[in-house]
Amino acid sequence: MIQNLIDGVLTGAYLSLGAIGLTLVMHILRFANFSHAELLSLGAYAALVCDALVSALVPVFAAKLGPLSLTWALTAAIAASMVLTGVSAVLIDRLVFKRLRDKGQELSMVFASFGMALVIRNLIGLIFGLSPQLYSKDIAFAVLLSQDPLILVKPDQVFVLIAALVLMMILHLVLSRTTFGYSLRAVAENPALAQVNGVNLSRTIMAVWVIGGGLAAVAGVFYGLSHQIIPVMGRDLVLPIFAAAIVGGIGSVYGAVLGGFVVGIAGNLALVILPSGYTPSVPFLLILAVLIIRPYGLFGEARA
Amino acid sequence: MIGVVSYLVFFATTASILAIAVLGLNLQWGNTGLFNGGVVAFFGAGAYGTLILGGMPQGAHLGGFALFYPLALLGGMALAGLMAWIVGLLTLRLRHDYLAIATFGVAVAFENLVRNAEWLAGGAKGVRGFERPLRAMLGDGFLYNLCFLAVVLLALVATYLFLERLVASPFGRLLRAIREDEEAAQSLGKSPAGVRLTAFVTGSVILGLSGGLYGTFYAFVSPQDVLPTLTFQIWAMLIVGGSGNNRGAVFGAFLIWGAWTASGWALSRFAPVEAQLYTGSVQFVLIGAVIVGMLLWRPRGLLPERLVVSQRGKTPLAKQGV
């Protein structure tokens, strides 16, 4: 039970990171982006490639950091992957979503995002192969924290949780303390009025994609560290991160963080009462529960 | 020769069954602007409902009601409608993303449920014990398939005519009014949420009909039949054919199903053996690219919606010489 709770918190860490970008995009561009989870896969694979590159060029960096399976090389790879994924997100927007927006076909954007998800997911499969990959071939042993109740935690998972919390803290400071944060919220509230006040709309949208893509990349790597990297990981992650965004209330960054943990914990606690085969349905049940009890989520507000 | 003909009958049957589904989706998306991300769940509800209601008793799972076939099919359609009603009731009042996400979730949960709940639907082994109607009279061979095709075509034509009538009726006008400008429709005393729910449930019942026929055709349904792939295929059919146009929907169904089977055949025939594992990925990239490409370059589809003027405005009084 306590083990499930801890596992849930650790799962919540990467779900939250994924949900933040999704909720921002949904709030500002007003469409459900089903290809967001593919940014997580893109980030995970970009980090895999960068990790191999850095380890090959600077072998010293391939050494492990303490008890973690993480290396300096992978740390550098994560940073590179954040940039690459952020840029990819902007490119995808320029190539597809922006054009549809300009044509005034906002509703079609949902369709297009599904199409892009299919394309990205299967191109990754074609390039990297369908079999799972790992950042480190060594087995990461879990550390026994307590014998009764039995609690096992992998050092990697603790790192993931702390790193995720630090990133969220940084984002919080950016959103609440900088001019950029204000302009972001202004655009979300009222794009036209924000523009009148000198906010560069297209630059703000670009920034949202960069932030969303960057956080998605980290989430993807963290998912890869906790599980494995497979081309279809986006398919398995898309519903949980949507659930996190809805539980938190679409548009609320803090809601997305909380929602991610709620979904992660609920998924793991469900293992106590349901056979593990039903785990993929848990996010859907949460969505239903939220829609019945509090349709706009924990922190969301009604908006047409 | 008979091989070719019998394949064509098989192809036409599958394509027509899918065309019915595309028509159902067209009512939701094309005419009303409702995004259904879980087409396959309603299709699956129809298939599972029909087979469980109409099948012979099975020890392993629910079913064996051995209902008279038309009743079983109606039951499957009702199940699809019931699911749509519940989802619609919860989401149609909210902004449109919620419907997209909730329907997508329904599809995931539905597949998950039928795969795991052996007591309900046989789990991964699927639903067995269904006997195709009139099998005793028509046998199992070509004759049966031919007759079945006739039935499917009949259902397709009936659905088409029903939807054409519906779209041309005042209700159809109301659907388009709400799609185009919800507030304007509301100001005229219409209730968008209620109308949307009706359209969503009706479309889903049609999806259920399509699923029920599909299940009948194979006399078997398993979780493999309710994978998200089918949702994407049905969307591609609608978008390529032309959303908002029932003829386009049917045309798109045959075109995309033809392209899908042809590309599958070509890949398995000509792709090198070591690449065979990846034919699925190639097909998915293609279908994704077709959806995105159509939206970008030909958003109204090959047969665009014909914009109708329901009632010409009266000639201004001045022109009448008053």
Inset, instruction - For region A:119-170, enumerate the residues that are among the β-branched types (V, I, T) and over 24 Å from A:V9 (Cα atoms). - result: A:V119, A:I120, A:I124, A:I127
Legend entry - Search result, residues across region A:233-255 that are more than 14 Å from chain B (Cβ to nearest Cβ) and of a type in the set (A, V, I, L, M): A:M233, A:V253
Inset, instruction - For residues that are over 25 Å from A:Q228 (Cβ atoms) and in contact with a helix residue (DSSP H, G or I) (Cβ under 7 Å, 6 or more places away or on another chain), tally how many sit in region A:144-170. - result: 1
Inset, instruction - Evaluate the following for A:A76: is it more than 11 Å from every other protein chain (Cβ to nearest Cβ), without any contact (Cβ under 8 Å) to a residue 60 or more places away in the chain and more than 18 Å from A:G212 (Cα to Cα)? - result: yes
Inset, instruction - Output the residue which, of all residues in region A:264-278 that are of a type outside the set (V, I, T) and crowded, with 18+ Cβ neighbours inside 10 Å, is nearest to the other protein chains (Cβ to nearest Cβ). - result: A:Y278
Inset, instruction - Could you tell me whether A:S281 is buried (at least 18 other Cβ atoms within 10 Å of the Cβ), among the polar types (S, T, N, Q) and at pLDDT below 90? - result: no
Legend entry - Single residue of region B:86-96 satisfying the filter (buried (at least 17 other Cβ atoms within 10 Å of the Cβ) and more than 9 Å from every other protein chain (Cβ to nearest Cβ)) that is farthest from A:I250 (Cα to Cα): B:G88
Legend entry - Qualifying positions in region A:284-304 - more than 14 Å from chain B (Cβ to nearest Cβ) and either without any contact (Cβ under 8 Å) to a residue 40 or more places away in the chain or surrounded by 20 or more Cβ atoms within 10 Å (Cβ to Cβ) (or both): none
Legend entry - Residue, surrounded by the fewest Cβ atoms within 10 Å (Cβ to Cβ), within region B:156-202, restricted to residues that are of a type in the set (A, V, I, L, M, F, W, C) and farther than 20 Å from B:N245 by Cβ: B:L188
Legend entry - helices (runs of 4 or more DSSP H) lying entirely in region B:125-197 (those with 1 or more residues that are within 30 Å of B:T91 (Cβ to Cβ) and without any contact (Cβ under 8 Å) to a residue 40 or more places away in the chain): B:142-168, B:170-180, B:182-187
Legend entry - Number of the exception - A:V238 against (1) over 30 Å from A:K64 (Cα atoms); (2) free of Cβ contacts under 8 Å to residues at least 60 places away in the same chain: (2)
Inset, instruction - Would you be able to say whether some residue in region B:46-68 is surrounded by fewer than 21 Cβ atoms within 10 Å (Cβ to Cβ), closer than 27 Å to B:G301 by Cα and not charged (D, E, K, R)? - result: no
Inset, instruction - Return the only residue of A:V49, A:V83 being away from chain B (no Cβ under 14 Å), surrounded by fewer than 18 Cβ atoms within 10 Å (Cβ to Cβ), within 21 Å of the chain's Cα centre (by Cα) and free of Cβ contacts under 8 Å to residues at least 60 places away in the same chain. - result: A:V49
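The values are calculated or read from the model by the stated rules, or taken from the named source; none is laboratory data. The model shown is predicted, which means the values in this text are computed figures rather than measured ones. Every residue, glycine as well, gets a Cβ built from its backbone with ideal geometry; the counts of neighbours run over all protein chains shown.
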